[in-house]
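Q: Here's a structure for you.
Derivation of every value follows stated rules applied to the coordinates shown; laboratory data play no part. Everything numeric here is computed off the predicted structure, so don't read it as measured data. Note: ideal-geometry Cβ built from the backbone for every residue, glycine included; neighbour counts use all protein chains shown.
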């Protein structure tokens, strides 16, 4: 994997304790970035932080709560003084069920984390990025947000919302050197599979022309470029990571 230069940059990675978030944090750190992991699981976040390097900090954060995100941001600013990069990877899949049978509270919970959480994390860092005329935001959406997966209406619609939100914010910040993009991964074999039925997992695999799941390091490579200074023009974009499932 080619290594980009992130020397002197401070990156927040939500959901960075494991999965795609951890892979992104590791890749950014190898390029020289200082990392703040915002995650619900403090124990695992601290283990990940220690494994990455001694300057990586773990901050317990519930991105569905604006107050929690504000507190995490304030701590990160005290520790590091600024935020240059955000990889917003925290998210949940939730349960699988037809719309007619979907639990109302469960639907709201998934939207609160995946969509409102994206809004909270992006909102808190935008003023500083605009003031400093530099920032890179990468939101993790999903191919389900493009195509919709049956029996996953909450997840699909929340990730479609992340795509629309990213496009909107990218246009808002196009007058400064702040790039806001998202990626739309196919399924990767991470802990999020624990929330899904085996039937749904096999359905997702059947839709991928490469006939395999995404590797987290493959996702990290694309995320790293979007988070780099090399990405100086593209903003409001949606980058495919679906193994050929979605071609638009």
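Q: Mind ranking 235-243, 218-226, 94-102 by how tightly packed they are, going by the mean number of other C-beta atoms within 10 angstrom, highest first?
A: 218-226, 235-243, 94-102
Q: For the range 35-121, calculate the relative contact order in percent as a whole number, restricting contacts to Cα pairs under 8 Å that are 6 or more residues apart.
A: In percent, rounded to a whole number, it is 28.
Q: Roughly how tilted is helix 117-132, in degrees to the nearest 10 and between 0 and 90, from the longest Cα axis of the chain?
A: 30 degrees
Q: Could I ask something else about it? If you take the square roots of the eigenvalues of the alpha-carbon gyration tensor of the range 97-242 and sort them as a ≥ b ≥ c, do you get rounded (a/c under 1.5), prolate (a/b over b/c) or oblate?
A: Note, shape of the range 97-242 comes out oblate.
Q: Assign one of three labels to the range 204-248, namely rounded, prolate or oblate, based on the Cα gyration tensor with a ≥ b ≥ c the square roots of its eigenvalues; rounded applies when a/c is under 1.5, prolate when it is not and a/b is larger than b/c, and oblate otherwise.
A: Oblate, since a/c reaches 1.5 and b/c is not below a/b.
Q: Expressed as an acute angle from 0 to 90° and rounded to the nearest 10, what is the orientation of the C-alpha long axis of helix 216-226 relative to the principal long axis of the chain?
A: That works out to roughly 50 degrees.
Q: How would 118, 34 line up from fewest to most surrounding beta-carbon atoms within 10 angstrom?
A: 34, 118
Q: Next question, about the same structure. Helix-only estimate, please: 222 nm mean residue ellipticity of the chain, summing -39500 (n - 2.57) across DSSP H runs of length 4 or more and dividing by its residues, to the nearest 500.
A: Rounded to the nearest 500, the figure is -13500 deg cm²/dmol.
Q: I've got another one for you. Which of the peptides 63-75, 43-55 is most tightly packed, and how do the rest follow, judged by the mean count of other Cβ atoms within 10 Å per residue?
A: Order by mean packing, descending: 63-75, 43-55.
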